[in-house]
1. List pairs: first residue in region 428-439 and more than 14 Å from D293 (Cβ to Cβ) and part of a helix (DSSP H, G or I), second residue β-branched (V, I, T) and at pLDDT 95 or above anywhere in the structure, Cβ distance under 9 angstrom, at least six positions apart or on different chains.
2. Output the residue which, of all residues in region 300-325 that are in a strand (DSSP E or B) and not aliphatic (A, V, I, L, M), is modelled with the highest pLDDT.
3. Output the residues belonging to region 59-92 that are of a type in the set (A, V, I, L, M, F, W, C) and under 20 Å from N138 (Cα atoms).
4. Inspect region 513-529 for any residue being modelled with pLDDT of 95 or more, under 20 Å from G294 (Cα atoms), open to solvent by 10 Å² or more (accessible area, probe 1.4 Å) and in contact with a Leu (Cβ under 7 Å, 6 or more places away or on another chain) and give the result as yes or no.
5. Would you be able to tell me the number of residues in region 514-571 that are among the basic types (K, R) and not in a helix (DSSP H, G or I)?
6. Only one of A663, A678 is modelled with pLDDT under 95, over 30 Å from F306 (Cβ atoms) and open to solvent by less than 50 Å² (accessible area, probe 1.4 Å). Can you tell me which?
7. Go through the residues of region 712-731 one by one and say whether even a single one is modelled with pLDDT of 75 or more, open to solvent by 30 Å² or more (accessible area, probe 1.4 Å) and among the aromatic types (F, W, Y).
Amino acid sequence: MVVTALLTAATPAFSQHNATSPDKIHLPDGFKIELLYSVPRDEQGSWVAMCRDDKNRFIVSDQYGGLYRFPVPAPGKPLNPATIEPITYATDAPARKRGKKQPAVIPKKTKPINSTLPQLGHAQGLCYAFDSLYVVVNSRSSSTGSGVFRLLDTDGDDKYDKVVTIKKLDATGGEHGPHAILPSPDGKTLLVVMGNQTQLPADYSHSLTPEFWAEDQLLPSLQHFMKGVVAPRGHMARIDPEGKTWEIIATGFRNQYDAAFNSDGELFTYDADMEWDLNTPWYRPTRINHVIDGADYGWRTGSGKFPAHCSDTFGAAVDIGPGSPTGVSFGYGAKFPHHYQNALFVCDWSYGKLYAVHLEANGSTYSGRFEEFASSQPLPLTDILINPEDGAMYFTIGGRRVQSALYRVTYTGKQSTSPAPAEKGNTEGNKQREHRRALEAYLKKNVSPASREALDQIWQPLGSPDRGIRHAARAALEKQPVKNWKALLKQEKQPSIATAALIALSRADEGKSSRLVLEKAMAFDYKKIKDPQHRLDLLRAITLALTRGGMPATAIRTKLITWLDSIYPAKTPEENRDLSTITAFLQSPYAVSKTMSLLENATGQEEQIAYAINLRFLKKGWTPALRKQYFQWFIRAGNYQGGARFRNYLDDIKKDAVASIPAAQKTPALTELINTTAEKNTPQFTGKPRGFVKMWTMADLAGLLGAGLEGGRNYQNGRKMFGAGACFVCHRFNNEGGAVGPDLTSVAGRFTPHDLLESIVDPGREISDQYGASIFKMKDGSSLVGRIMNLKENSYWINTDMMTPSTITKVDVKLIESIEPSPVSMMPPGLLATMKQDDILDLLAYLLSSGNPGDALFQN
């Protein structure tokens with residue numbers, strides 16, 4: 001990697017007068033990075049959005065101020081501050097009619113003009129298209145308020161003189177408001193990206209997403225942020241250049257800042273996590289979403305987020321981990337090696353990471369992997385673009401009034417930088433993508449099958465093994481009048497088709513057909529349904545029938561309770577989470593005993609919390625022993641760790657549980673137990689403490705890896721050991737666990753058994769830059785080891801213990817002497833010390849279960 005500071009000599013990474021020095025930024029070999037400009041914060045603010053106009057100039061926006069324009073610096077040259085001009089809106093020149101393009105006349109000297117037009121600023125989205133500049137404002141304090149605006153140069157003098165309001169938006173003014181705007185591949189429309197503090201416009205023209213939005217919670221959700229906010233929130237819309245149409249294409253995002261289209265015209269975004277939720281069962285890491293027409297991506301406030309397995313949402317293509325997503329861009333047009341030209345580059349503001357995401361067609365949708373492309377501490381990335389004129393990557397840092405800057409990345413290595421060949425999916429994948437798009441055509445306005453034969457084009461794909469096709473078919477079915485297809489469901493015998501149709505009927509008929517849904521669901525022999533997803537879909541249909549239709553009549557409720565008794569508990573944690581919710585809602589007499597058994601045998605805190613939250617409103621079925629066991633769990637959970645509101649969530653569960661105890665059963669002994677708090681200690685994830693076995697070394701275990709992993713391993717015990725070893729605290733596996741460490745779901749494709757074991761036994765042997773800590777040396781001689789998790793003006797928020805994500809130390813930047821990489825892993829040693837040999841082998845087998853741990857569990 002080559003580094004160049006074009007403005008000043010290399011400066012400490014913590015300086016608030018000069019941005020992070022290039023020699024502090026890690027890049028792959030062969031890449032060169034230049035610091036082009038350190039933004040004077042008091043004069044030009046902190047830049048958060050960037051675009052390129054038709055004259056190869058960059059336009060940028062200060063998060064709390066105005067817009068600026070400047071020519072792209074020549075290769076090897078810094079940005080000349082004298083070329084930066086604020087964008088003002090002249091009104092003293094008479095407007096001319098559009099027609100023959102007027103010559104650009106740039107005055108030798110300009111001065112601010114008093115204008116009656118609104119002065120645009122506070123922009124988080126910029127796009128030059130259709131001979132105009134589109135500006136997305138996210139601020140209630142600006143003169144315009146939040147919304148989408150269009151700047152025009154009507155007289156050809158290269159100065160904007162007309163502002164058109166495309167759409168005013170109702171946003172709270174927080175950082176989850178309206179964000180990016182980008183041109184669509186059709187060359188006729190634009191896409192607008194909005195976070196979950198933006199309401200859908202009341203006058204939107206059409207929604208591709210079926211308009212049956214609801215919270216769909218059988219039990220009240222726990223809420224500590226955006227309380228009371230209900231769906232739909234977090235959406236993307238397609239608009240025409242004049243803003244006459246506002247077509248909703250997808251909803252259910254948390255705070256996706258930007259989006260990009262790939263060469264096939266498929267849309268992708270990088271959505272945010274809720275860091276307060278770390279280590280809870282409803283935590284969702286930052287993730288790459290393939291944005292398909294008509295999807296609801298499942299964000300609901302607090303604990304109400306839809307699990308990834310729910311078929312009425314659409315999951316992630318790639319889970320990244322904790323962070324703060326900002327700008328994204330494909331590498332098309334970059335003079336980079338081929339695999340980077342086709343990569344999706346995504347920016348993480350809080351952890352200072354620029355990831356290269358390598359997407360692969362997976363049927364009608366995508367999966368992929370990611371690598372760290374650029375990183376530093378701090379490096380609060382805000383936006384990114386590829387300039388096709390010079391083949392370079394440009395990115396900005398800034399936001400929240402921290403030091404802002406502009407950088408350029410070029411490739412100087414030996415690999416070919418010729419244009420990469422067009423990405424080609426496999427033939428079958430291309431056919432599936434075309435099939436999905438054909439089904440999505442039914443989501444458009446006034447498009448409906450004209451015959452039973454045409455309806456079959458929707459009906460049969462409901463049973464497709466391809467999730468994208470199945471989703472498109474279900475959404476298309478919901479767009480059709482229920483009376484046209486309800487009879488088909490009554491006759492359907494295939495679980496794959498029936499379960500999808502049951503979900504659609506529960507939603508589209510607004511609870512009127514809940515009895516039919518429940519009767520049809522119970523007609524299937526649950527245990528004979530082989531596909532785990534179809535079983536989950538059946539439970540989802542039951543859940544939706546109850547959330548939409550309410551508590552069923554006594555006869556059907558009794559029948560349902562009996563049917564559920566025969567299948568609960570099930571084989572997988574996902575099924576049991578859903579079953580525990582349904583049986584608790586129905587106040588089933590066996591709900592307490594069965595769910596308490598699962599709680600006691602679950603070794604991960606997320607799964608335990610999922611059961612504890614569902615037990616809190618149950619009034620019947622408790623024995624003194626079970627009640628004691630339940631409140632002993634709260635004492636044990638007192639040492640569990642998570643995000644900033646983790647403790648509040650546990651307190652809320654306990655408060656509801658205490659309120660559900662009949663007064664006659666609240667004995668002095670139980671009251672004493674309820675009031676007992678945990679003594680601070682290492683978290684214990686099992687009901688019975690595990691004893692020390694041995695401080696294992698590679699010499700003890702390496703010889704067991706051959707035949708010891710061949711067949712017959714106990715995956716259930718492997719999952720239990722994943723919890724016993726506290727792996728769930730930091731690592732995600734099969735959509736469970738924390739996210740401050742690497743996601744281990746696909747570890748089988750990246751590690752040999754030997755390498756995986758070595759990384760557990762000796763975590764400090766090789767430390768990934770992505771999860772490494774930094775040493776913050778202070779001017780008073782003290783030091784702090786950790787990772788920057790957040791920034792604001794002159795303050796860094798540093799996590800000093802990855803086992804306790806909420807442990808934050810706020811440090812004044814002016815007091816830092818230097819920041820250097822730490823040679824010590826944040827992952828503690830000795831995590832296998834309570835396990836026997838067979839336990840360790842079961843753990844490895846579970847982690848290496850071919851990426852299908854759920855199927856492995858079902859086979860045990």
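1. Pairs that qualify, where the first residue is more than 14 Å from D293 (Cβ to Cβ) and part of a helix (DSSP H, G or I) and the partner is β-branched (V, I, T) and at pLDDT 95 or above, are Q432/T365; Q432/I469.
2. This residue is P325.
3. Of the residues in region 59-92, the ones of a type in the set (A, V, I, L, M, F, W, C) are 59-60, 67, 70, 72, 74, 79, 82, 84, 87, 90.
Across region 59-92, the qualifying residues are I59, V60, L67, I87.
4. No - not one qualifying residue is present in region 513-529.
5. Count: 2.
6. Exactly one residue qualifies, and that residue is A678.
7. Yes, region 712-731 has at least one match.
Matching residues to (1) part of a strand (DSSP E or B); (2) open to solvent by 10 Å² or more (accessible area, probe 1.4 Å); (3) touching a residue at least 24 places away in the same chain (Cβ under 8 Å):
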{"residue": "A231", "(1), (2), (3)": "no, yes, yes"}
{"residue": "P241", "(1), (2), (3)": "no, yes, yes"}
{"residue": "A250", "(1), (2), (3)": "yes, no, yes"}
{"residue": "F253", "(1), (2), (3)": "no, no, yes"}
{"residue": "Y257", "(1), (2), (3)": "no, yes, yes"}
{"residue": "T269", "(1), (2), (3)": "yes, no, yes"}
{"residue": "W276", "(1), (2), (3)": "no, yes, yes"}
{"residue": "H290", "(1), (2), (3)": "yes, no, yes"}
{"residue": "G298", "(1), (2), (3)": "no, no, yes"}
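The values are calculated or read from the model by the stated rules, or taken from the named source; none is laboratory data. Since this is a predicted model, take the numbers as computed values, not measurements. Ideal geometry is used to build each Cβ from the backbone, glycine not excepted, and the neighbour counts take in all protein chains shown. We work out accessible area using only protein heavy atoms, side chains counted, and drop any ligands, DNA or RNA first. Shrake-Rupley method; radii C 1.70, N 1.55, O 1.52, S 1.80 Å.
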